Amino acid sequence: MAKRDKPTDLIGYPALQVDALRGVIRAALQRASGPQGLPGEHHFYISFHTHAPDVVIPDDLRSRYPDEMVIVLQNQYWDLSPGDRAFSVTLQFNGQPKSLHIPYAAVTRFYDPSVSYLLQFEPSPVAEAAPAGVASLSDLRPTLIESPKVVALDQFRKK
């Protein structure tokens, strides 16, 4: 029997997976933008590429963080507006309010330490070599890291 070539993915499952995981970020931000704000002890650390297409941040922040920046949404954030492709928020830096506009495609990490939930997106070699403005969701591969779940099976064992 001849060895078959690997089938071609004509649906684009990796891109669908990345889009679905970025939807988790969008949904969490939508809940945080509601009238009650963040529920319980939830808060978010969001890392993003400052040079990614359509990222809008003040020039002083871009010069301080030329590659990647981490923001924290916890107690003091304003005007959180999660859209379909990006979110905007106002945060204070050195006592000054600054507005940020961040596409979900620019997010590299989303972490909620209150429940140890982490989504991490790493650019593929294709995305790193692509010219600015070319990177898309299909250029990123996701990593989902959750705290381990321990299930005791003692009750099911024969004695």
Item to check | Subset of the range 25-38 that is part of a helix (DSSP H, G or I) and touching a residue at least 12 places away in the same chain (Cβ under 8 Å) - its residue that is surrounded by the fewest Cβ atoms within 10 Å (Cβ to Cβ) | outcome: Q30
Checklist entry - Counting residues that are more than 15 Å from the chain's Cα centre (by Cα) and under 27 Å from E41 (Cβ atoms), which strands (runs of 3 or more DSSP E) fully inside the range 53-116 reach at least 2? => result 78-82, 86-93, 96-103
Next on the checklist: Step by step: first the residues of the range 50-71, then only those that are surrounded by 14 or more Cβ atoms within 10 Å (Cβ to Cβ) and among the hydrophobic types (A, V, I, L, M, F, W, C), then the one that is nearest to P39 (Cα to Cα). Which residue is that?
Outcome noted: I71
Next on the checklist: Please go through the range 74-98 and give me each residue that is in contact (Cβ under 8 Å) with a residue 40 or more places away in the chain and closer than 17 Å to T50 by Cβ, ordered by number.
Outcome noted: F87, K98
Item to check | Boolean, R22 is assigned to a helix (DSSP H, G or I), among the basic types (K, R) and either over 20 Å from L119 (Cβ atoms) or touching a Gly at 6+ places or on another chain (Cβ under 7 Å) (or both) | outcome: no
Item to check | Hey, D112 buried (at least 17 other Cβ atoms within 10 Å of the Cβ), in contact with a strand residue (DSSP E or B) (Cβ under 9 Å, 6 or more places away or on another chain) and either at pLDDT 95 or above or not small (G, A, S) (or both) or not | outcome: yes
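The values are calculated or read from the model by the stated rules, or taken from the named source; none is laboratory data. As the structure is a computational prediction, the values presented were derived from the model and not from experiment. FYI the Cβ positions are ideal-geometry reconstructions off the backbone, even for glycines, and counts take in every protein chain you see.
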